[in-house]
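Please treat every number below as a calculation from the coordinates, not as lab data. Predicted model only: the values in this text are computed from it and were never measured. Ideal geometry is used to build each Cβ from the backbone, glycine not excepted, and the neighbour counts take in all protein chains shown.
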Amino acid sequence: MPMSSYVRSIRSRIGHDLLLLPGVTAVIRNQDRFLLARQRDTGMWSLVGGGLEPGEDPREAIEREVREELGVTPRILRVVGAYGEPALQTVLPNGDEVGYVTTAYECELPDGALVLEHEELIQVAWFTRAEAQDLPRHDWIDRVLADAAS
């Protein structure tokens, strides 16, 4: 995923050291199925989302991220939870260490076709929680999906 100018400016000062970043995650469901996205950089399945821009409201950020990645503007229903754990910390291919703290929002999509953003995503598909267990996925989404289902 492209690096924002804000993160680039911080990286120029701290190098590859750990950088904690705020993010947003969209939990998009249709009854017992959840929309998961397969990421181009890792091939792993996850939830749609991304980082906040400086001064951006988290609700605006989730709308922007879903619009950028799926081509539609979601309707935000509720906050599912906030997550920041070792599973959300990683070392990127360029050596940058990053940890995310993300707020997950349950969202609905309007009727109509999705327009997949191909720079970051390979595909999207609907899965039950049980079906998601068989996918190569980021483990932290299990907790988010469980919280959304309760």
Where in the range 101-119 does the amide nitrogen come within less than 17 Å of the point 7 Å from the Cα of ARG78, taken along Cα to Cβ?
103-109
Sites matching trypsin sites (Lys or Arg not before Pro) across the range 30-128 that sit in DSSP coil, with at most 15 neighbouring C-beta atoms within 10 Å
ARG40
Determine the shape class of the range 34-96: with a ≥ b ≥ c the square roots of the Cα gyration tensor eigenvalues, call it rounded for a/c under 1.5, and otherwise prolate if a/b is greater than b/c, oblate otherwise.
prolate
In the range 11-98, what % of DSSP beta bridges are antiparallel (nearest 5)?
90 percent
Identify the GluC sites (Glu not before Pro) of the range 62-144 meeting these criteria: DSSP loop state and at most 13 other C-beta atoms within 10 Å of the C-beta.
GLU119
In whole Hz and in residue order, list the ³J(HN,Hα) couplings for the range 62-79 that follow from phi through the Karplus curve 6.51 cos²θ - 1.76 cosθ + 1.60, θ = phi - 60°; x for Gly and Pro.
5, 4, 5, 4, 5, 4, 5, 8, 10, x, 9, 9, x, 9, 7, 9, 6, 7
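Stick to Cα atoms and the Kirkwood definition of Rh, then tell me Rg/Rh for the chain.
Using only Cα positions, Rg/Rh for the chain is 0.95.
Quick one: length gained pulling ASP111 to ILE10 fully straight, 0.36 nm per residue minus the C-alpha distance?
So the chain would gain 32.4 nm between ASP111 and ILE10.
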Candidates LEU92, LEU116, LEU36; GNM for the chain (alpha-carbon contacts under 10 Å) flags as most fluctuating LEU92
